[in-house]
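Below you'll find the structure, written out as structure tokens, and then a few comments.
What follows draws every value from the coordinates through simple rules; no lab data is involved. Everything quoted here is computed from the prediction, not taken from an experiment. Methodologically, a virtual Cβ is constructed for each residue, glycine included, from the backbone with ideal geometry; neighbour enumeration extends over all protein chains shown.
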Amino acid sequence: MDIQILPSKRIRGKIEVGPDKSITHRAFIFSTLAEGTSRIKNPLKAADTISTVKVLESIGHRIIGDWKSFEVQPAENIVSPEIPLFCGNSGTTTRLMMGYLSSIEDGFFVLYGDESLSKRPMLRVVEPLRKMGAVIHGRNNDNNLPISIKGQRLHGITYSSKIASAQVKSAVLIATLKADSETIYTEPYKSRDHTERMFKAFGADIKVEENTIFLKPSKLKPFEIFVPGDISSAAFFIVLSAIHPDSFIEIHNVGLNETRTGIIEILKLMGANIEYEIKENEPEPFGTVRVSSSKLKGVEIPNEIIPTAIDELPLVALLGAFAEGETVLKNAEELRKKESDRIKAVVDGMKNIGVEIEELEDGFRIEGPQKIKGGVVDSYMDHRIAMLFAIAGIVSEEGVLVRNFECVEISFPNFLEILKEVLK
């Protein structure tokens, strides 16, 4: 499905975006590890989270609800399914379940995904799990799906990760819950900490000191959780309001976890008119963000912000096009390992709509301000690339045609519906 997005002269709106994808994945997975029935309110219904629910149901758990609210009843005994478990396009489902299934003694499981997911790196998860005693094998020297897992009694490890990855970290922490000893996990920068927060709230014996986590084998207690709006989804509207010459957007009930608000910090560095207030804090902070038309200045994105804005970094190219001076993103080579090579996808797309941008090995460089003429771009079947160029269409001169826009269903099914709400 191709979508033509035309320019708009005015942006106004008070909106709520879809529930947080990362928290939804974890709420479903952790509820099946609890000792009793849990309830999940306001989870995200999207292709990725449906993949997680189907995988959990396939191994014996009962998940009952209507996507407004769910009741989760953990299985007494995990089932080794006769057929492989399909993870769709979801890297979170795959990597977190690798940690989960590795700890199921005497279980045997095979995970596979779609064409895009089958190209994404898995060795980063396999390596620490193997140090814990996991038996895992996969394609291309264990780096790609399909992957087979023979569940084992695992032991805790002391592990220093070379990358700040919430998915790798979460896989190891999930595996530790049923291990026979403590895990001490250190990362170079603090990645999103939903797992740590939720484990603590749900009764795990966990302690966090800066970039190091100490987790002892634990049992989770049943819980009830409300899933706030996804800051990664809100980011598209935040950026739109900052770069549009006549705009004001207010976003309610959006997650404001400090390990996820890197895009807000980037906008502050660039001089944006943006403010936020936290309404609730446990187990996840959420509240209101307000942003209006801004005069932006170019910056080099600080390294420590990158893990807290990893999914939003493609939007930096759009900010840079409207900022005064040079905007540089470096040390973001992780973007090449997402649903698409996001560095290439961003650079090619920006050039296609009339913007001069330089591709770097680990990011890009852009000099502003520039005008976006418009044109045709390929989404590369990557939901975040598709939404990025939809936003570009709103602030272009002639509009932008985004090819294969249906991939947005992966994370933000009602994106176009909300976009229409703010176009005045």
Q) Taking the simple approach of a point 7 Å from Cα along Cα-to-Cβ for both Ile184 and Asp348, what is their distance in nm? A) 4.6 nm
Q: At 27 Å minimum axial length over the Cα atoms and a Kyte-Doolittle cut of 0.5, report the qualifying DSSP H helices in the chain, or say none.
A: none
Q: State, as an integer percentage, the relative contact order of the range 21-226 based on alpha-carbon contacts under 8 Å between residues 6 or more apart.
A: 20 percent
Q.
Give me the extension gain from Lys68 to Glu282: residue separation times 0.36 nm, minus the current Cα-Cα distance, reported in nm with one decimal.
A. 75.0 nm
(Q) Can you list residues from other chains, or at least 5 along the same chain, whose modelled amide H is less than 5 Å from the amide H of Glu280? (A) Phe286
Q) Projected onto the charge dipole of the chain (+1 at Lys/Arg Cβ, -1 at Asp/Glu Cβ, origin at the Cα centre), which of Val316, Ala242, Val126 gives the Cα projection farthest towards the positive end? A) Val126
**Q.** Where labels lie 7 Å past Cα in the beta-carbon direction, separation of Arg403 and Thr37 in nm
**A.** 5.1 nm
Q | Charged-residue dipole, Cβ positions (Lys, Arg, Asp, Glu), the chain about Cα centre, Debye nearest 20 | A | 320 debye
Q. Going by the alpha-carbon gyration tensor, a ≥ b ≥ c the square roots of its eigenvalues, is the range 21-226 rounded (a/c under 1.5) or, if a/c is not under 1.5, prolate (a/b greater than b/c) versus oblate?
A. rounded
Q: May I ask for the distance between the Cα centers of the range 322-346 and the range 20-47, given as a whole number of Å?
A: 31 Å
**Q.** Pairwise FRET efficiency - Glu82 versus Glu115, Cβ, R0 = 25 Å, nearest 0.05
**A.** 0.55
Q: Please go through the residue pairs Lys162/Lys373; Lys219/Lys268; Lys169/Lys268; Lys14/Lys344 and name each one whose alpha carbons sit more than 30 Å apart in this structure.
A: Lys162/Lys373; Lys219/Lys268; Lys14/Lys344
Q: With both partners inside the chain, how many of the DSSP beta bridges are antiparallel, as a percent to the nearest 5?
A: 70 percent
Q) From the residues Leu111, Leu33, Leu44, which one has its Cα farthest along the dipole of the range 33-171 in the positive direction, the dipole being from +1 and -1 charges on Cβ of Lys/Arg and Asp/Glu about the Cα centre? A) Leu44
